[in-house]
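Novice: Questions regarding the structure given below will be posed in turn.
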Amino acid sequence: MLKTKFTLLLLFFTILLSAQKASSFKFCDDFESENFINGYRNQEITKNNGYNFNFSSKKGRFNDGFLTVYLNETGRYGTPKRSEYGLRLYDSIGMKKFFQISVQITDGLKFDDVNFGREIMIMQWHSKPAPNRDWTHYRNNNPFNRPSIALYLTTNDNLNFYLVLRYGNNGKKDFKYSGEVWSVVALQRIDVNKWYDLTFEIKWSFQNDGYIASYINNEPFTPFNGLHNKVYGANMHNESPVYFKFGQYRYWDDKNVHKIHFDELRVGNSFDEVSLYDEYPCTFNENKSLNFIQNHK
């Protein structure tokens with residue numbers, strides 16, 4: 001009897017600690033050193049096959065260290081080529097999370113002409129197998145699965161580069177919310193040799209109360225809808241928390257070396273915890289003045 005009570009008590013505290021970790025998980029790295037690999041990796045960070053990274057200094061977002069992710073391999077058409085880090089998250093249904101990451105492309109990044117219009121995935125929020133299931137089951141039940149949220153880089157001429165944000169669910173057999181099509185929700189031209197601070201607010205849900213709001217350099221990236229710049233829709237394939245990956249993922253042959261710089265990665269539970277700016281974006285203040293609407297649903 002005593003053993004049973006102890007077991008139940010241990011289970012209770014395990015669940016409690018897991019819930020606390022899920023609701024308070026934070027992560028911050030300015031890539032000042034290789035602690036990102038040697039320190040954090042054993043706890044929260046994983047590397048995908050084909051990774052290729054380089055730590056540099058005095059050229060980052062705040063004239064300090066930064067991380068360069070590059071691909072210099074070619075292969076057969078359709079062979080995935082990736083150089084990514086994955087960050088384990090603990091955010092499940094109904095939870096909100098905030099992300100900040102700074103990105104820079106240089107004038108040395110080029111696409112082969114035959115690949116104009118194709119895209120390099122530079123970050124993604126991807127689902128995992130359902131609880132008590134493995135990746136084999138996941139692949140069988142998620143044909144042609146894509147991440148619920150993904151950011152891409154593309155160009156049509158090696159002169160004008162664009163960030164493309166996709167959002168929605170797809171690829172799951174008999175999924176109740178399969179109508180929430182994975183589609184482009186934001187697009188913006190970016191310049192070479194310039195740092196862009198990307199901020200994301202995401203609420204995870206199977207239903208239409210899930211959303212994403214995103215900002216570039218503290219200005220709305222996802223479109224303003226008259227009240228705020230949230231794009232709503234289901235964004236989970238199962239109850240397992242998603243994981244976040246950044247780096248490069250491309251699906252085609254290209255003779256060029258593709259280099260992309262990353263800096264100031266932050267994961268938190270509020271905009272204040274992750275933002276690099278002292279002021280809120282304008283849409284934050286506009287939304288605050290209209291909060292009374294939410295009290296009359």
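Novice: Each residue of the stretch 131-137 in turn: what ³J(HN,Hα) in whole Hz from Karplus with 6.51, -1.76, 1.60 and θ = phi - 60°, glycine and Pro shown as x?
Specialist: Per residue, the Karplus-derived 3J(HN,Hα) values read x, 6, 10, 10, 5, 4, 4 Hz.
Novice: Once you place label points 7 Å from the Cα toward the Cβ at Ser56 and Asn217, how far apart are they in nm?
Specialist: Spacing of the two 7 Å Cα→Cβ label points: 2.0 nm.
Novice: Calculated FRET efficiency, Asp157 and Asp272, Cβ-Cβ r, R0 51 Å, to nearest 0.05?
Specialist: The formula returns an efficiency of 0.80 here.
Novice: If you take the square roots of the eigenvalues of the alpha-carbon gyration tensor of the stretch 89-161 and sort them as a ≥ b ≥ c, do you get rounded (a/c under 1.5), prolate (a/b over b/c) or oblate?
Specialist: Oblate.
Novice: Now for a separate question. Specify which residue in the list Ala130, Met95, Asn170 is farthest towards the positive end of the charge dipole of the stretch 45-278, using unit charges on the beta carbon of Lys, Arg (+1) and Asp, Glu (-1), about the Cα centre.
Specialist: Ala130
Novice: Please list, in order along the stretch 54-62, the HN-Hα scalar couplings obtained from phi with the Karplus expression 6.51 cos²θ - 1.76 cosθ + 1.60 (θ = phi - 60°), rounded to whole Hz, x for Gly and Pro.
Specialist: Calculated HN-Hα couplings, in order: 8, 8, 10, 9, 6, 9, x, 4, 10 Hz.
Novice: Shifting gears a bit: If amide H atoms are built 1.01 Å from N in the plane of the peptide, which residues on other chains or at least 5 residues away come under 5 Å of the amide H of Val242?
Specialist: It is Asp91, by chain and number.
Novice: Between Phe221 and residues 5 or more places away or on another chain, which pairs have amide H atoms under 5 Å apart, with H built 1.01 Å from N, and which residues are they?
Specialist: Ser214, Tyr215, Ile216
Novice: Applying 1/(1 + (r/R0)^6) with R0 = 22 Å to the Cβ-Cβ distance of Tyr280 and Asn225, what FRET efficiency is obtained, to the nearest 0.05?
Specialist: It comes to 0.80.
Novice: Moving on to the next point. So, R0 is 41 Å and r is the distance between the beta-carbons of Asp107 and Asn132; what FRET efficiency does that work out to, to 0.05?
Specialist: FRET efficiency, Asp107 to Asn132: 0.25.
Novice: From the phi angles alone, apply the Karplus equation (6.51, -1.76, 1.60; θ = phi - 60°) to the stretch 266-282 and give each ³J(HN,Hα) in whole Hz, x where the residue is Gly or Pro.
Specialist: 9, 10, x, 10, 7, 4, 4, 5, 10, 5, 8, 10, 7, 10, 6, x, 4
Novice: With each label point set 7 Å from Cα along the Cα-Cβ vector, what nm distance links Asn63 and Arg139?
Specialist: Placing both labels 7 Å beyond Cα along the Cβ direction yields 5.0 nm.
Novice: What pairs in Lys110/Lys255; Lys58/Lys194; Lys26/Lys194; Lys59/Lys245; Lys97/Lys128; Lys26/Lys96 have C-alpha atoms more than 19 Å from each other?
Specialist: As for pairs spanning more than 19 Å Cα to Cα, those are Lys26/Lys194; Lys59/Lys245.
Novice: Here's another thing I want to ask about it. Hey, can you grab everything whose amide H is under 5 Å from the amide H of Asp112? Only 5+ residues off in sequence or another chain; H modelled, so Pro and N-termini drop out.
Specialist: Long-range HN contacts for Asp112: Lys255, Asn256.
Values in this text are rule-based calculations from the coordinates and carry no lab data. Keep in mind it's a predicted model, so treat the numbers as computed, not measured. Reconstructed Cβ throughout: ideal geometry from the backbone, glycine too, with neighbour counts over all protein chains shown.
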